[in-house]
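Colleague: Before I ask anything, here is the structure I am working with.
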Amino acid sequence: MPETVLNIMIGGEAGQGLVTIGQLLAKSLVRAGYFIVVTQSYQSRIRGGHNTYTIRVSPDEIQASQESVDLLVALDKQTIDLHQDEMSARGLIVVDEAFDRRGDNYVLVPYKQLSPERFANIAGLGVLSVMLGLDGPLVATAMDEFFGKKNEEMVKQNSQVLVGSRAWAEALDKSLARRLPAVTNPQKRLLMNGNEAIALGALSAGVKFLSFYPMSPATSIALTLAAKAEAMGLIVEQAEDEIAAINMALGASYAGATAMVSTSGGGFALMVEGVSLAAMTETPIVIVVAQRPGPATGLPTRTEQGDLEFVLHAGHGEFPKGIFAPGTIEQNFYLTRRAFELAEEYQGPMFVLTDQFMADSYRAVTPFEVADLPAVRPIELQILPKMNYQRYAITESGVSPRLLPGYTKHVIGADSDEHTTDGHLTEDLAVRVQMQDKRYRKLTGLSAEVTPPECRGEEHPDLLLVCWGTTRGAVHEAATRLKTEGRSVGTLHFSQVWPLVPEQFMNHLNGAKQVVAVEGNATGQFARLIRTTTGFHISRQILRYDGLPITPEYILKNLASV
Amino acid sequence: MVSFEGYGNYETAWCPGCGNHAILEALKKALVTAELLPYRVLIVSGIGQAAKSPHYLNVNFFNGLHGRALPAATGAKLANPDLNVIVESGDGCNYGEGGNHFLAAIRRNIDVTLLVHDNQVYGLTKGQASPTTAEGFVTKAQPAGVPSIPFNPVAVATAMQAGFVARGFSGNVDHLSDLIVKAMAHPGFALVDIMQPCVSFNKVNTFAWYKQRCQPVSEDHDPTDWEQAMKVAFTWGDRIPIGVIYHNQRPAFETHFSALKRGPLIKQPVNTTKLAGILESFA
Ligand SMILES: Cc1ncc(C[n+]2csc(CCOP(=O)(O)OP(=O)(O)O)c2C)c(N)n1
Ligand code: SF4
Ligand SMILES: [Mg+2]
């Protein structure tokens, strides 16, 4: 690992305020011009247990998390026991002196002396910020903003603790400092996680309606939008269940609101009937599925890429859909926008497939120029089509002119039954075939607009690493490290996993000596999808399904054995 | 001009003698009385015999999935509150498959008129028991008789203090039509549970059976008196009261959303200045 990259893990029980330290530190680091990748690992409980908030930081761009820990802030003893084996050679463990630990790699903090117990996390932040060489005012400002809305007394106490703990840490031996290399010309960046980027992408696309039922790790998308609903003029509704959520969103979309739903695998299982309904009624909808390990309730707060095939095949009947799998925060933003555009253009379901790792992963991003990004608008209201308007007119593209109910003299029908061009149910089997063909023809247009996979490295490498969605950063970094060792490596990352257009990537697969798929699931679902669509068999696979994100180390370690 | 003919005249797929014919007529009359233009009306339905109704009317329609009419209607009403939204579906659709949505719609008090064609049976799937089927009723699926007690939608809605609760009978078209007009005029959730004979699969609750029992609520019934309404709602036997059973003036769901104070959602362009401000808060 380059000396300039530092991996800081804050660990403790739920309720000890470790996320607060993490958030404030992350904010300060991004403002100081650093790149960060946050990995959150927590248990499905509100108090107790063992949680970590890990910030990997570097003055240069990074997109992956790291397993070895350089700085461990252990708020409880359990954290030390669980993570001391992960410490790097230069690793330091910051602990309460009361924990009674001895050794060169321990920083013993007199928490009792530095703060009242309930502000211990702030004392930890103070010490940490000095060890990293962060300016006091930077941290203080982030803290004031964070607590600003709460009571003044608390803000005052917090800043006293921060000042006191920083003063204590300034006196620490130099060997216990882990100063980050200075960023000379800090660029303005935003601190944002994947789910926030999805929510903001949706706002920029003009989302007007989101219905949801709470489920980790998707909930924060709805919460982010709910907080902005009043300002941005949209409706966020917590439905009675996921079935209601998707049917509500479809009703809203039919009536003219740009609509979306967000959920995780279990909730999506309930929504599936609605996917099919969107296809049949040709109603635009964006569906975000934030994956977590299954089956059933699985590991509610961990990560996996296990629902690709589920989403791909979701919905009875045969119909086109598109599935995006963003690999960066920026892609979360832009591909969510893209999903809205395509949902409107092709009048049907479009997916954004993410996971817990990306959902909770805060990173530094270049600000989006939203003023230059047009919102998706359903049909212009004032355009009056010819009198013989047919909602489901048979067209070459399969896309029929969509009007909204209530704005013109036409009445607009939508039916879950097979229907004639005016939307009325029919059992005319010839019409059935025409309609099925018409709907399916949209796949041609969709395929022509597929976001191509991103190929990096040599054209004919010895080793080609194939990945999709959130593993992008880890795969890129693993490849970079292999290249510095002189290996011939290429990478192929899919940010849209359906439809697949073989012409876009077959030359890469065929041109490599060895192809390895890297996926966060147990059976190599994407490799299987490649095989069924192209016949190309990627037999070598690096898979991970223990609930943790794929890291560069994980790939390098397992590469040896594939 | 709003006219009976303007709402169209279609061939239906219903059995001759089915109560659905009369309900369709009552609805048409109500739409004309309320002077609603077809393109301002949206009928949302689920799946079942009753749910086919919007195909026999010249109106906007969203014929969605079995049980899911209310959520779709809720979404549509929120997207465009200017639409007059009616939900039409069966007892199975609304109280069985969509039971949770029925409760949620009452709690929300969304301004939607729910017309339940209550034939106390699953018509389209050929006669299985529905939530309102009487205890002991024998079907091919329940050959030993239905073991559960029936759901009383009027009592549940009244108990939950739904905005407007009424019961109608397809055999009394003018009375039913009047109920529908009142339900549509109510600014909030309105239920009209409509007794409807199914000539093919319900040989117990026949036209004559309903005709004998369905009698207007007594003149002195005060539908704003909840306790009185609860008594009426539980009346079921030799006499089945029809008419407005309960109503209140709770504000409709959609009045709680500030976004809707500026009109239908589609008419509100994205404010990129505000969005830029939101993004700035992530800096
Ligand atoms: C998800 C789903 N489950 C089952 C069905 C089959 N189904 C169609 S209509 C119906 C029941 C209809 O009963 P009701 O709602 O009372 O309407 P009716 O036909 O009596 O008017 C059922 C079970 C379906 N279409 N969809
Ligand atoms: S089966 Fe019953 S409900 Fe269906 S159309 Fe015939 S009579 Fe009406
Ligand atoms: Mg029925």
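For (1) in the same structural domain as A:LEU312 (by TED's automatic domain parsing); (2) hydrophobic (A, V, I, L, M, F, W, C); (3) buried (at least 18 other Cβ atoms within 10 Å of the Cβ), each residue gets a yes or a no:
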site: A:VAL431; (1), (2), (3): no, yes, no
site: A:GLU459; (1), (2), (3): no, no, no
site: A:LEU464; (1), (2), (3): no, yes, yes
site: A:LYS483; (1), (2), (3): no, no, no
site: A:THR491; (1), (2), (3): no, no, yes
site: A:LEU500; (1), (2), (3): no, yes, yes
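Colleague: Pull out all pairs, ordered by first then second residue, where Cβ-Cβ is under 8 Å, the residues are six or more apart or on different chains, the first lies in the range B:115-135 and is charged (D, E, K, R), and the second is modelled with pLDDT of 95 or more and near ligand 3 (Cβ under 10 Å from one of its atoms).
Modeller: Sorted first by the residue in the range B:115-135, then by its partner, the pairs are B:ASP118/B:GLY90; B:ASP118/B:ASP91; B:ASP118/B:THR132; B:ASP118/B:GLN196; B:LYS126/B:PHE201.
Colleague: Now for a separate question. Between a first residue in the range B:82-98 that is under 20 Å from B:SER170 (Cβ atoms) and a second residue that is at pLDDT below 95, which pairs have beta carbons less than 8 Å apart while being 6 or more apart in sequence or on different chains?
Modeller: Here the result reads none, with nothing in the range B:82-98 linked to a residue that is at pLDDT below 95.
Colleague: Just the residues that are more than 7 Å from chain B (Cβ to nearest Cβ) and either free of Cβ contacts under 8 Å to residues at least 12 places away in the same chain or under 14 Å from the mean Cα position of the chain (by Cα) (or both), please, taken from the range A:197-210.
Modeller: A:ALA197, A:ILE198, A:ALA199, A:GLY201, A:ALA202
Colleague: Moving on to the next point. Out of the residues in the range B:149-162 that are outside any helix (DSSP H, G or I), of a type outside the set (A, V, I, L, M, F, W, C) and in contact with a helix residue (DSSP H, G or I) (Cβ under 8 Å, 6 or more places away or on another chain), which is farthest from B:ALA129 (Cα to Cα)?
Modeller: B:GLN161
Colleague: Here's a follow-up. Show me the helices (runs of 4 or more DSSP H) found entirely inside the range A:1-116 where at least 1 residues are hydrophobic (A, V, I, L, M, F, W, C) and surrounded by 23 or more Cβ atoms within 10 Å (Cβ to Cβ).
Modeller: Those helices (runs of 4 or more DSSP H) span A:18-31, A:111-114.
Colleague: Among the helices (runs of 4 or more DSSP H) confined wholly to the range B:175-283, which include 1 or more residues that are farther than 22 Å from B:MET160 by Cβ?
Modeller: B:207-213, B:272-280
Colleague: Another question, if that's okay. I'd like to check something: does the range A:266-278 contain any residue that is farther than 20 Å from A:PHE319 by Cα and either within 17 Å of the chain's Cα centre (by Cα) or more than 16 Å from ligand 3 (Cβ to nearest atom) (or both)?
Modeller: So far as the range A:266-278 goes, yes, one or more of its residues are farther than 20 Å from A:PHE319 by Cα and either within 17 Å of the chain's Cα centre (by Cα) or more than 16 Å from ligand 3 (Cβ to nearest atom) (or both).
Colleague: Examine the range A:280-302 for a residue that is within 8 Å of chain B (Cβ to nearest Cβ) and more than 30 Å from B:PHE282 (Cβ to Cβ), and state whether such a residue exists.
Modeller: yes
Colleague: Is it the case that B:LEU65 is buried (at least 24 other Cβ atoms within 10 Å of the Cβ), out of contact with any His (no Cβ under 8 Å at 6 or more places or on another chain) and in contact (Cβ under 8 Å) with a residue 12 or more places away in the chain?
Modeller: So B:LEU65 fits the description; yes.
Colleague: Quick one: is B:THR139 part of a loop (DSSP other than H, G, I, E, B), within 15 Å of ligand 2 (Cβ to nearest atom), more than 13 Å from the chain's Cα centre (by Cα) and surrounded by 24 or more Cβ atoms within 10 Å (Cβ to Cβ)?
Modeller: No; evaluated as a whole, the condition is false for this residue.
Colleague: From the residues in the range A:355-380 that are more than 28 Å from A:ALA32 (Cβ to Cβ) and in contact with a helix residue (DSSP H, G or I) (Cβ under 7 Å, 6 or more places away or on another chain), which one is modelled with the lowest pLDDT?
Modeller: A:PRO378
Colleague: Now a separate question. Of the conditions (1) of a type in the set (A, V, I, L, M, F, W, C); (2) within 16 Å of ligand 1 (Cβ to nearest atom); (3) touching an Asp or Glu at 6+ places or on another chain (Cβ under 7 Å); (4) away from chain A (no Cβ under 12 Å), B:VAL2 fails just one. Which one is it?
Modeller: Of (1) of a type in the set (A, V, I, L, M, F, W, C); (2) within 16 Å of ligand 1 (Cβ to nearest atom); (3) touching an Asp or Glu at 6+ places or on another chain (Cβ under 7 Å); (4) away from chain A (no Cβ under 12 Å), only one is false for B:VAL2: (2).
Colleague: What are the residues in the range B:195-216 that are more than 12 Å from ligand 2 (Cβ to nearest atom) and either surrounded by 19 or more Cβ atoms within 10 Å (Cβ to Cβ) or touching a residue at least 40 places away in the same chain (Cβ under 8 Å) (or both), if any?
Modeller: B:MET195, B:VAL204, B:TYR210, B:LYS211, B:CYS214, B:PRO216
The values are calculated or read from the model by the stated rules, or taken from the named source; none is laboratory data. Every value quoted in this text rests on a predicted model; they were computed, and no experiment measured them. No Cβ is skipped: glycine too gets one built from the backbone with ideal geometry, and neighbour counts run over all protein chains shown.
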